[in-house]
Amino acid sequence: MASRTTMSESLETPREPEIGSANQRVARSLRGFGPLGILAIVIILASNVLMAPLGAILVLVWVKISGTPWREIGYVRPRSWIRTIGIGIVFGVVFKFVMKAFVMPLLGAPPVNQAYHFVTGNSAVIPMMIFTMLVTAGFGEETLYRGWMFERLGRFLGQSGLAKIATILITTIPFASLHYFEQGLPGVEQAIFTGMTFGSIFAITGRIFMLMIAHAAFDLAALWMIYYGLETQIAHLIFK
């Protein structure tokens, strides 16, 4: 009886490693560019178009299932959260003022963002707008367009200087293009500058939390300008 039990156990025990190896194969496939890896890319991109920030949420699921290190999408814990938050807020606000008062007027953009003109003096929409700017823009867009896309393109193109420049340009295209549907050409022009700037910073630092905060601060500064009807005044600070 003892020999039969031992033989039975020896026949059953190899099954657990098979399960583990199957999970590892799935993880490798998700990290690669075979059928499963491409399917994951299509699902993430399509879900983001259908309902932002669903794409970013699926990115986190993909990272977990694929076994991708969190640092590969820029999720690196800052040495100081206070410093990171402070830099992000200051950079985001200053960046928005530079865009509004200098860059956009040079491009001939209208001083008022008509797509969000309904926000002016409308306190009822402020909670929804703040949620959108923090979750959809700050968390969602940075996780998807900077963190995840940089990881995918970096694995495909490599990490050379030229590859990183190409990655910045490629990731900026869909990021900017999606702004056309709500904000027209001026929205695309502004998103090109923000996408290139945030992408360049991420390419250099490999860290995303400051960019999340800066992106949210950028949009919140825009919200403040619109709500208080200050867009035209700020747009004419330099160019009358």
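Below 12 angstrom from the Cβ of residue 213, what's the summed charge of the other residues (Lys, Arg +1; Asp, Glu -1)? Value of the local net charge: 0.
For the chain, the longest principal axis of the alpha carbon atoms and the long axis of helix 54-66 meet at an angle near 30°.
How much length is gained on full extension from residue 106 to residue 28, taking 0.36 nm per residue of separation minus their Cα-Cα distance?
23.3 nm
Listed values for the stretch 158-170 are Karplus-derived 3J(HN,Hα) couplings in whole Hz (6.51 cos²θ - 1.76 cosθ + 1.60, θ = phi - 60°), namely x, 10, 6, x, 5, 5, 5, 4, 4, 5, 4, 5, 5, and x replaces Gly and Pro. Geometric descriptor of the chain, per residue, is 173 Å³ (volume of the convex hull of the Cα atoms).
Stretch residue 200-residue 124 to full length: gain in nm at 0.36 nm per residue minus the Cα-Cα span?
Details: separation 76, 0.36 × 76 = 27.36 nm, distance 3.62 nm.
Difference between extended and current length: 23.7 nm.
Considering helices alone, the calculated mean residue ellipticity of the chain at 222 nm is -21000 deg cm²/dmol, with DSSP H runs of length four and up weighted by -39500 (n - 2.57) and normalised per residue. Packing order of peptides 83-95, 21-33, 104-116, highest average first: 83-95, 104-116, 21-33 (average count of other Cβ atoms within 10 Å over each peptide's residues).
Picking from 135, 119, 42, which is most flexible by a Gaussian network model of the chain using Cα springs under 10 Å? Evaluated over the chain, the most mobile residue of the options is 42. Phi angles across the stretch 142-154 convert, under the Karplus curve 6.51 cos²θ - 1.76 cosθ + 1.60 with θ = phi - 60°, into 3J(HN,Hα) values of 5, 4, 6, 7, 9, x, 6, 5, 5, 5, 5, 5, x Hz, Gly and Pro given as x.
Taking 0.36 nm per residue of sequence separation and subtracting the Cα-Cα distance, how much length would be gained by fully extending the chain between residue 41 and residue 82, in nm to one decimal?
Result: 11.3 nm gained on full extension.
Local charge sum around residue 83 (other residues, Cβ-Cβ under 14 Å, Lys/Arg +1, Asp/Glu -1)?
Values: positive: 77, 79, 207; negative: none.
Neighbourhood net charge equals +3.
Since every read-out is calculated from the coordinates, none of them should be taken as a lab result. Bear in mind the structure is a predicted one, so any value in this text is a computation, not a measurement. When we count neighbours, we look across all protein chains shown, and the Cβ atoms used for this are built from the backbone with ideal geometry, even at glycine.
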